[in-house]
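Take a look at the following structure, please.
The values are calculated or read from the model by the stated rules, or taken from the named source; none is laboratory data. For clarity, every value in this text was computed on a predicted model and none was experimentally measured. With ideal geometry, Cβ positions are generated from the backbone for all residues, glycine too; neighbour counts draw on all protein chains shown.
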């Protein structure tokens, strides 16, 4: 894996950001003096960087380095709909591409392990970017936080070093839309309930049920900010039979209602090219 190693004692500088929405999209050929971060929300982005081709799928990110030619390429995968977040940025302290990590390393191309966390951060960035009179410094701090989140996810790609815990976490991810629990996870994977509970807690600091709850509400935030589905539909998608219970639990966790959370990220810059 290639890493974008950043040498800086300051926050990164965000120049511009937005969300691209298009059909049958092929990225233009460009050579620019700023870096570009892209996180794909839907579809596949086919992009060539300095002659090397990348297929950036839903939930993946890529950085287009400054002063390096990048351009899109066409194949069957680019015939559909695509949506992605993009941000132009510069680094005051310089940076380099390397095969090894430094103190602050963002991967060149990476499948996010917790897309919902990244989405919350870039939605905050898009929202602040749209506010009239908002200080640019706020954008720089938020963009730096987003890059830090990506760097942390890349450094800790799995939940833990324990195979049992990683297997349980993967099963939970696949079944997060169901009303799952510790008992169901253990039964599905053939583990003793008490054993799984102890090992999971020792390796993650959370119980299995706490981890399930974290994942459900992270997905809830993603659905609230990334879709127009009703709260009732979202609750059902997350395995909550009682939408009222889901709404009360969400407000208790986040300090705001589902509607207030959704409205907080309603403003964004859109483009088609």
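Residue by residue through the stretch 243-273, note down the ones that are assigned to a loop (DSSP other than H, G, I, E, B), modelled with pLDDT of 90 or more and surrounded by 11 or more Cβ atoms within 10 Å (Cβ to Cβ).
Scanning the stretch 243-273 gives 256, 257.
Is it the case, given these coordinates, that residue 111 is closer than 18 Å to residue 151 by Cα and either crowded, with 18+ Cβ neighbours inside 10 Å or free of Cβ contacts under 8 Å to residues at least 12 places away in the same chain (or both)?
no
When the stretch 1-19 is examined, which residues are found to be at pLDDT below 90, in contact with a strand residue (DSSP E or B) (Cβ under 7 Å, 6 or more places away or on another chain) and under 25 Å from residue 120 (Cα atoms)?
The answer is 3, 4, 5, 6, 12.
Looking at (1) surrounded by fewer than 14 Cβ atoms within 10 Å (Cβ to Cβ); (2) over 20 Å from the mean Cα position of the chain (by Cα), which is the one condition that is false for residue 49?
Result: residue 49 passes all but (1).
Suppose we filter 66, 87, 116 for residues that are touching a residue at least 60 places away in the same chain (Cβ under 8 Å), assigned by TED's automatic domain parsing to the domain that holds residue 19 and either more than 19 Å from the chain's Cα centre (by Cα) or in a helix (DSSP H, G or I) (or both); which single one remains?
Answer to the selection: 116.
Quick one: would you say residue 46 is at pLDDT 90 or above and in contact with a helix residue (DSSP H, G or I) (Cβ under 8 Å, 6 or more places away or on another chain)?
yes
Going by what's in this entry, would residue 22 be described as touching a strand residue (DSSP E or B) at 6+ places or on another chain (Cβ under 7 Å), part of a loop (DSSP other than H, G, I, E, B) and either surrounded by fewer than 19 Cβ atoms within 10 Å (Cβ to Cβ) or not assigned by TED's automatic domain parsing to the domain that holds residue 129 (or both)?
No, not satisfied.
Within the group 98, 105, which residue is in contact (Cβ under 8 Å) with a residue 40 or more places away in the chain and surrounded by 15 or more Cβ atoms within 10 Å (Cβ to Cβ)?
Of 98, 105, the one residue that is in contact (Cβ under 8 Å) with a residue 40 or more places away in the chain and surrounded by 15 or more Cβ atoms within 10 Å (Cβ to Cβ) is 105.
Here's a follow-up. Pick from 36, 56, 68: which is at pLDDT below 95 and within 26 Å of residue 116 (Cβ to Cβ)?
56
So which of 236, 223 ends up being within 23 Å of residue 113 (Cα to Cα) and either touching a helix residue (DSSP H, G or I) at 6+ places or on another chain (Cβ under 7 Å) or assigned by TED's automatic domain parsing to the domain that holds residue 180 (or both)?
Just one listed residue meets the conditions, 223.
A further question on this structure: Which of the numbered conditions does residue 237 fail, given that it passes all the others? Conditions: (1) under 21 Å from residue 163 (Cβ atoms); (2) surrounded by fewer than 18 Cβ atoms within 10 Å (Cβ to Cβ).
Result: residue 237 fails condition (1) only.
Still on this structure, please answer the following. Which one is modelled with the lowest pLDDT among residues in the stretch 200-214 that are in contact with a helix residue (DSSP H, G or I) (Cβ under 6 Å, 6 or more places away or on another chain) and surrounded by fewer than 18 Cβ atoms within 10 Å (Cβ to Cβ)?
In this case the residue turns out to be 203.
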